[in-house]
Structure formats: C-alpha cells, structure tokens
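The values are calculated or read from the model by the stated rules, or taken from the named source; none is laboratory data. Small disclaimer: the values here were computed from a predicted structure and weren't measured. In this analysis, Cβ positions are derived from the backbone assuming ideal geometry, glycine residues included, and neighbour counts consider all displayed protein chains. With ligands, DNA and RNA removed, areas are computed over all heavy atoms of the protein, side chains included. Shrake-Rupley method; radii C 1.70, N 1.55, O 1.52, S 1.80 Å.
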Amino acid sequence: MALASVLKRYVQRKVGNRNEDWKEVKDDEKEEFSKLYKLWKGPTKDTCTTYKAIPRFYYKLPSEDELLLQKLREESRAVFLQRRSRELLDNDELQGLWFLLDKHHTSPLVGDEQMINFEDFMKVSDLAGQKCKPFFKPSVFAKLLQSDPYGRISIMQFFNYVMRKVWLHQTRIGLSLYDVAGQGHLKESDLENYILELIPTLPQLDGLEKSFYSFYVCTAVRKFFFFLDPLRTGKVKIQDILACSFLDDLLELRDEELSKEVQESNWFSAPSALRVYGQYLNLDKDHNGMLSKEELARLYYSITVLH
C-alpha cells in the first residue's frame, strides 16, 4: 500500500513538471510570435516618429448641413485657385519672353524662321525669371527638337508651346471655379453656368437674343455630355474637357473675323445653334416643347430619304 502511494505521488509530480515545461514552451512560442509579428507589421503610431511629421492628406467632404465647413472649403479653394492664377504668365510677361527669345536667337536662320540652341535656351531661362522656369526644361527642348543640323529648336514653336500651356492652365482654373464639389469634374448645372457666363465674351454670339440663351446653353452642354459621359454618370472630368477639341471650338468664337464657312462647321456657332433650333421646331408639330415618338420618327424618315 505504501509503495502504491509513493508511485502515485511520483507520477503526479512528473505530470506536473511536464505541464510546467509545456506552459513554458508555449509562452516562449507566443513571445517569439509577437516579436516577429511586430517586426513584420512595422512601427506603430506610438513608436514611429514619422507619423507626427507626415501631414494629413484626406479630409472627408462636409455634409449639406455643415454650412460653416462648406464655406471654409469654398473659400480655401478660391484662395488656392487665385494663387495658381498669379503664378501664370500675363500678356506683358509673354511679350517680354518673346523679346528675349528674339534677342538671343542662334544663327543661321532657316528661311524666315528663327532658331535657338540649348546654350542660348538656358541663357534666356536665366533672364526670363522664376515664373518661366517650368518651360525651360531639357525635356521640353528635346520634345521640340526636330531635324535641325545644328541641334536647335524653332523659337516660334517654343513660344506657341508656352502660350498653349498658359492657356490650358488658365482654362483649367476657370473651369475649376465652377466645380462646386471640388472633385475635378463638372456636373451638368456647373457646365451650364460656365457656358452661360462665357457667352458675353464671345463676339460671334452677340447676335443671339437673351431669350435664346437657355436653348443655346442646353445645345452646347449636351454635346459635351454625350461624348464625354458615355456611362451617363451626370458629370464630366475637367481633364477630359481640356483634352477634347470641343472647348477649342467654343472659344474659337472669340475671333471677330471668323469666316462664314468656319461658323457653319462649328457646332457652337450661332448659325449652327439656330439651324438645330429650327429643325427642332419643325419636328415639334404640336408645339408643346417636347418630341414624341411619332415626331422623332419623322426625323428618322427624313434622314433615310436623304441618304
């Protein structure tokens, strides 16, 4: 009996020691796993100082009832766009740039066209000022370099490049002023407001009566959205507006000496808008301002007959 109790105590002691050893192994394993996990996960906000240096780059858009935040957002965007506008070259600075290019052109001429090599190109860069620096990059010179045996570029081509860049930035800033959401796209109402306020600045549209403005704006906006919003999301990217030729056609109406042939081929011209309006009135037989299926069928029939 005494031997049985001794053996029982021995077995219990061995099992207890084994459990303690197993627990120690599990603790070591857990500690090693935690160490490797933290190493793989990287530093946290509490342990890494760079979290304090990196600025916040995402801010949730204010809701409709947060009027103060909306006003603050609009004001900050307006200030930002004004600052970007001041960074662009004005007419006097463009004239000064042309004078410097003309003064430092590199001989000989190619016909009547003045050329400039890279050395003189960089001289003009130093003289033109800080606002012109972005245009005087080696990559820009390389883009405009063609087959000149002296390794020069055309002064006129470079100046046209500068003016085109300035125009694109000016137009983007102008369009961004109508971007109510500030997300880089325009809704239909935003684009309507832009074109409506643009009409008085287009001499070729001086003959339009104000009562016709609403139809003209609708006609112009629908072309933008038909081609640039194929998924019918109700908005178009400002970048897409700048990339297509529609805005060029619209702003072409600033030319007071635009020929009749060009106006006829320009969708945004007054003759073109009046022609579309006349076709719409001819189809609208009941004069209710809407086109029914039967009225649209007449359009299909007339197109089929013509072809």
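Averaging 1/r across all pairs of distinct Cα atoms in the range 91-153 and inverting the result yields a Kirkwood radius of 12.1 Å.
Compared with the direct C-alpha span, the chain from D112 to F80 gains 7.3 nm at full extension, assuming 0.36 nm per residue.
The residues of the chain present an accessible area of 73 Å² per residue when probed at 1.4 Å with all protein chains retained. For K137, the lysines whose Cα comes closer than 16 Å to its Cα, not counting residues fewer than 8 places off in the same chain, are K123, K165.
So for the chain, taking the charge dipole from beta-carbon charges (+1 Lys/Arg, -1 Asp/Glu), which of L109, P55, G234 sits furthest toward the positive end? So the residue we want is P55. So what is log10(I(q)/I(0)) for the chain at q = 0.12, 0.14 1/Å, when the Debye sum runs over its Cα atoms only? Log10 I(q)/I(0), no solvent term: -1.07, -1.21.
Beyond 27 Å, the tail of the calculated P(r) for the range 151-307 holds 36 percent of the Cα pairs. Distance from the Cα centroid of the range 120-179 to that of the range 193-257 is 28 Å (rounded to whole angstrom). Charge dipole (Cα centre; +1 on Lys/Arg Cβ, -1 on Asp/Glu Cβ; no other charges) of the range 43-142 amounts to roughly 660 debye.
Taking K210, K41, K60 as the candidate residues, the one with maximal mean-square fluctuation in a Gaussian network model of the chain, Cα springs under 10 Å, is K41. You can think of it this way: the chain between F226 and K71 has 52.6 nm of extra reach, that is 0.36 nm per residue less the Cα-Cα gap.
Using every pair of distinct Cα positions in the range 141-209, the Kirkwood expression returns a hydrodynamic radius of 15.3 angstrom. For the chain, the share of accessible area belonging to carbon and sulfur comes to 57 percent (1.4 Å probe, ligands and nucleic acids excluded). As a calculated quantity, the FRET efficiency between W98 and Q183 at R0 = 41 Å, using C-beta atoms, amounts to about 0.65. Heavy-atom accessible area for M163, with the other protein chains in place and a 1.4 Å probe, reaches approximately 80 Å². Label zone of E197 (point 7 Å out along Cα→Cβ, amide N under 11 Å): in the range 160-176 this covers 174-176.
When the helices of the chain are scored as -39500 (n - 2.57) per DSSP H run of n ≥ 4 and the total is divided over every residue, the value at 222 nm lands at -20000 deg cm²/dmol. Stokes-Einstein, applied to the Kirkwood radius of the range 137-177 over Cα pairs at a viscosity of 1.567 mPa s and 4 °C, places its translational diffusion at 112 µm² s⁻¹. Full extension of the chain between D286 and Y58 yields a length gain of 76.7 nm, computed as 0.36 nm times the residue separation minus the alpha carbon distance. For the range 51-148, the Stokes-Einstein estimate of translational diffusion at 20 °C and a viscosity of 1.002 mPa s comes to 122 µm²/s, using the Kirkwood hydrodynamic radius over alpha-carbon pairs.
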